[in-house]
Structure formats: structure tokens, C-alpha cells
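Beneath this line is the structure, given in C-alpha cells, with notes to follow.
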Ligand SMILES: Nc1ncnc2c1ncn2[C@@H]1O[C@H](COP(=O)(O)OP(=O)(O)O)[C@@H](O)[C@H]1O
Ligand SMILES: [Mg+2]
């Protein structure tokens, strides 16, 4: 079995003046392709730090990361940017849509950032917004959409280029439970029907039962 992503003995220290926070301590995780993995744990347990490192947005203080069996932790920033752009999508808690752009334009902007050729943009934008059930909201700007709809635009943007791996950091934290469950069910669907691999963080027990795998963090350690 080849993991899509594997971390080996990851540590991440944050040093500030004379204080060192051991945000991650010897973390070993393995993400299999075509699975929905949830990173669970209290606030401050290291979920975001681990996700940022796994998504090559941050580097570990020590330890190794393999993507498709290839070591990526020691690559240059440029190489890591390239791997991220070509293979990964991100959904963040604070949605971060561009407020002056429509839903359509926000997703299109994501494709531009991902380096997708312009000829494919229109199809991919329409397809991914349809996928999240927003085909009738193409011309809406973020303030004209509900919180759940905005989050779905952010998901459409993250999946539009069909990345192998999608990271979502507490995508449901600012939504009510019902809307949050809709988002997680959408992830479930993306994994089951579109063969994506999704890693999300949450501390909501009602979401966790929809996961294939749960990784629990406590004080920077997997428990
Ligand atoms: N940039 C940083 N500088 C210093 N400490 C940090 C930084 N980022 C995170 N931490 C610390 O690392 C620990 C884990 O944080 P984080 O990964 O954000 O937890 P979670 O996402 O589970 O709430 C926390 O104690 C936090 O204060
Ligand atoms: Mg966090």
C-alpha cells in the first residue's frame, strides 16, 4: 500500500524569546488515497500546524514528509510551491474569498493561481460550482451569499483544478451544525465519487463519525 502522504517523526518547535512551544512532537501519520481523514483535537493541540506542514506551507523543525513516496520536506521553496500548486487544494476557516469578485470569478482566480490553462477555466469553474450546488449563484458576490454558500464557493475553488489532495482547516467551525454536516457530506461525496483525498480538522464529534480515519492530537502528539 502506498500512502499519498506520509510524515515521519515530524517535530515543529516555535521559538519566541526564551520560550519554545513544541507544537508537534514525533508525529507519524499516513494518508491513504481516496480517504476522508479528520484531524481532531482541542484548540492548541497542533492541528493547523500539522496541516500546514503536510500541505508544504510550513517546514518541520525535524522529520520527513513523503508525497507519493517522494521526500518533499527538503526541497526548495520553489519546488514545494510547484508540488502544492499542481496537487493540493486548501479550504480555510476564515473563508478568504475575494469580496469584489463573484462566485464564478473567485473560482476562476483559483484556477489562474493553480496555473491551469485559460481555455479550461470556464468549464472547470462551472463544473465545480455545480458540484457544490451553486450553479445558480455564479454572479453572486460573497456578501450576497450565506455562510454555508460562501464556504461552498471556497470548496469549489479548492477542488476546481481537481487536486489529488484537499486540506480543509476547520471548514465547519463558523457554520451551524446542519450546514456543517452538509459540508462534510459534500467532502464524503468528493472522496467516494470523485476519488479525491481530503484531510480536514475539526473538534466537532458529530462530524467525526463521517470520517474514514481519525487522527487525534493532544499537546502536539498523536494519541
Ligand atoms: N507561529 C507560531 N508561533 C508561536 N507559536 C505558535 C505558532 N503557531 C502555533 N503556535 C502554537 O503551537 C500550538 C499548536 O497550535 P495550532 O497548530 O494552531 O493548534 P490547533 O490548530 O490545534 O488549534 C499552540 O500552542 C500555539 O500557540
Ligand atoms: Mg487550528
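Cα gyration tensor of region 43-112, axes a ≥ b ≥ c as square roots of the eigenvalues: rounded (a/c below 1.5), prolate (a/b > b/c) or oblate?
Values: a/c = 3.07, a/b = 1.56, b/c = 1.97.
Cα axes put region 43-112 in the oblate bin.
Working from Cα pairs under 8 Å separated by at least six residues, relative contact order for region 42-91 is 26 percent.
Rg over Rh for region 124-196 works out to 0.93, using Cα positions for both radii and the Kirkwood form for Rh.
Its residue count N sets the reference 2.2 N^0.38 Å, and the alpha-carbon radius of gyration of region 92-223 equals 1.06 times that reference. Compared with the dominant Cα axis of the chain, that is its longest principal axis, helix 103-113 is turned about 50°.
Modelled spin-label separation between residue 173 and residue 218, with each label point placed 7 Å from Cα along the Cα-to-Cβ direction: 2.2 nm.
Stretched out fully, how many nm does the piece from residue 78 to residue 21 gain, at 0.36 nm a residue minus the Cα gap?
Numbers: separation 57, 0.36 × 57 = 20.52 nm, distance 2.78 nm.
This chain segment gains 17.7 nm when fully extended.
If you plug the beta carbon distance of residue 138 and residue 210 into 1/(1 + (r/R0)^6) with R0 = 30 Å, you get a FRET efficiency near 0.55. Taking the longest Cα principal axis of the chain as reference, the axis of helix 147-159 is set at about 80 degrees. Using a simple spin-label model with pseudo-atoms 7 Å out from Cα toward Cβ, residue 130 and residue 62 lie 5.2 nm apart. For region 1-131, dividing the convex hull volume of the Cα atoms by the residue count gives 159 Å³ per residue. If I fit a long axis through the Cα atoms of helix 77-87 and take the longest principal axis of the Cα atoms of the chain, what angle between them do I get, 0 to 90°, rounded to 10? Its long axis makes an angle of about 50 degrees. Bridge orientation summary for the chain: considering DSSP beta bridges with both residues in this region, about 50 percent are antiparallel.
Over the Cα atoms of the chain, Rg to Rh with Kirkwood Rh, two decimal places?
Values: Rg = 17.2 Å, Rh = 17.8 Å.
On the Cα set of the chain, Rg over Rh gives 0.97.
Note that region 156-223, at 37 °C in a medium of 0.692 mPa s, gets a Stokes-Einstein diffusion coefficient of 257 µm²/s from its Kirkwood radius over C-alpha pairs. With helices as the sole contributors, the chain gives -10500 deg cm²/dmol at 222 nm; each DSSP H run of n ≥ 4 counts as -39500 (n - 2.57), and the sum is divided by every residue. Computed over the chain with a Gaussian network model linking Cα atoms closer than 10 Å, the most mobile of 63, 46, 115 is 115. Residues considered: 107, 25, 125. Largest GNM mean-square fluctuation over the chain, using C-alpha springs under 10 Å, is found at 25.
Beta carbons within 10 angstrom, averaged per residue: use that to sort the peptides 66-74, 37-45, highest first. Numbers along the way, then the final one.
Details: 66-74: 14.7, 37-45: 19.2.
The most tightly packed comes first, giving 37-45, 66-74.
Ranked highest first by the average count of other Cβ atoms within 10 Å around their residues, in what order do 159-167, 211-219 fall?
Values: 159-167: 22.0, 211-219: 16.8.
Ranked from most to least packed, the peptides come out as 159-167, 211-219.
Coordinate-derived values only; no laboratory data. Treat the numbers as computed from the prediction; the structure is a model and nothing was measured. For neighbour counting, all protein chains shown are included, and Cβ atoms are generated from backbone atoms with ideal geometry for every residue, glycine included.
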